[in-house]
Amino acid sequence: MLRGVNGSGKTSVLEAIAWLATGRSIRGATRETLVRQGADRAVLRAETAVTGGRMLIEGEIPLARTARVQVNRQPVNRRAEMASALQVSVFSPSDRRLVEGGPAERRGYLDEVLREQHMRWEAVVNEVDRVLRHRAALLRQSAGRLNESILSTLDVWEGRLSSSGTELVTAREALVRELEPLVSEAYSHLSGRHERVSLTYRRSWTGELGEALRAAREQDLHRGATTVGPHRDELEIQLGAVPARTHASQGEQRCIALAMRLATHELRRETAQESPVLLLDDVFSELDHYRCTALLEQLPPGQILLTTAMDPPAAVGSHHVVEVAGGGLLSSAAL
């Protein structure tokens, strides 16, 4: 456990660990934010113990060049290669956006989980994004008018979007079916209420995606944007019989978001060779005593790092507490 006042640097430690596992900021921070003011780069190092021995992970985040990662002194470029040395599951206070935010937050969550499950989904998600950008550029270029050249190019991009988009959405739907019982169970345990959390994936089209794209061409030409496809879908979350986004309290929304992260962690534990490290940032804030205790009772086996600005609940047990202040680690003691 990392304990310290707000702004002491607790989250930066979790950020560094997560970056070495994913190559991304858990807060969506820019490179300039990740590098200390006055420095031209950030350097990260971690040693992990995995099946087969210890692994050294090193990362460099320069202000002016591409970031670099090495595993056992060998350069790696793919997220899957980084995951072979370190896997993490992360919960942060901003995760409440999964419930209260717009559809893009929830689509991004599903795609993130898919990428963590298998490296092939990284390529599928990137292909869908790339095709959507090209189709949008073509629609804007057309200025609302079709000619033979634009029509033939639209056919190409729509064919590719139909193939990769349908593959991605089918995988999202299968993932939602896997997650729903895990999320509902985790929420019931955290809240102490037997109220079901339901997840429903809503496509933005019916029938075949290729046919839906052709049917929407006139509208898309007028708007200069693609109005149907994986980027317009929604993951609906309900608490009992009401939409969680509009009817759940802030505490309930935070509890649902935490349940979603715990569910994805459990899903990954079932399939991964190594149990991911669970990173919980400021997890006790906005949770009452009952929910804090319920969370601690529900924590899965494996390595867990959490941050707090307050004294930990008594149920934490005999774990180590590291005091953090001024961006540095001050002391370590067993509870």
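Scanning the range 1-42 for residues that are of a type in the set (A, V, I, L, M) and within 19 Å of R78 (Cα to Cα), which turns out modelled with the lowest pLDDT?
Within the range 1-42, the match that is modelled with the lowest pLDDT is I26.
For (1) farther than 21 Å from I57 by Cβ; (2) not in a helix (DSSP H, G or I), each residue gets a yes or a no:
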{"site": "V69", "(1), (2)": "no, yes"}
{"site": "M82", "(1), (2)": "no, no"}
{"site": "V99", "(1), (2)": "yes, no"}
{"site": "E105", "(1), (2)": "yes, no"}
{"site": "E112", "(1), (2)": "no, no"}
{"site": "E116", "(1), (2)": "no, no"}
{"site": "V124", "(1), (2)": "yes, no"}
{"site": "V131", "(1), (2)": "yes, no"}
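For the range 231-273, give me each residue that is under 10 Å from V99 (Cα atoms) and either basic (K, R) or in a loop (DSSP other than H, G, I, E, B) (or both).
R245, A248, R254
Name the residues in the range 133-158 that are assigned to a loop (DSSP other than H, G, I, E, B) and touching a residue at least 12 places away in the same chain (Cβ under 8 Å), would you?
Residues satisfying the conditions are G144, R145, L146.
Would you call T271 under 28 Å from V125 (Cβ atoms) and modelled with pLDDT of 95 or more?
Judged against the criteria, T271 is not a match.
Y201 versus (1) in contact with a helix residue (DSSP H, G or I) (Cβ under 6 Å, 6 or more places away or on another chain); (2) closer than 24 Å to G4 by Cβ; (3) of a type outside the set (D, E, K, R): which is the lone unmet condition?
Just one mismatch for Y201, condition (2).
Go through the range 193-230 and give me each residue that's under 28 Å from the mean Cα position of the chain (by Cα) and either part of a helix (DSSP H, G or I) or without any contact (Cβ under 8 Å) to a residue 24 or more places away in the chain (or both).
R193, H194, T206, L209, T227, P230
The values are calculated or read from the model by the stated rules, or taken from the named source; none is laboratory data. Bear in mind the structure is a predicted one, so any value in this text is a computation, not a measurement. All Cβ positions, glycine included, derive from the backbone under ideal geometry; neighbour counts span all protein chains shown.
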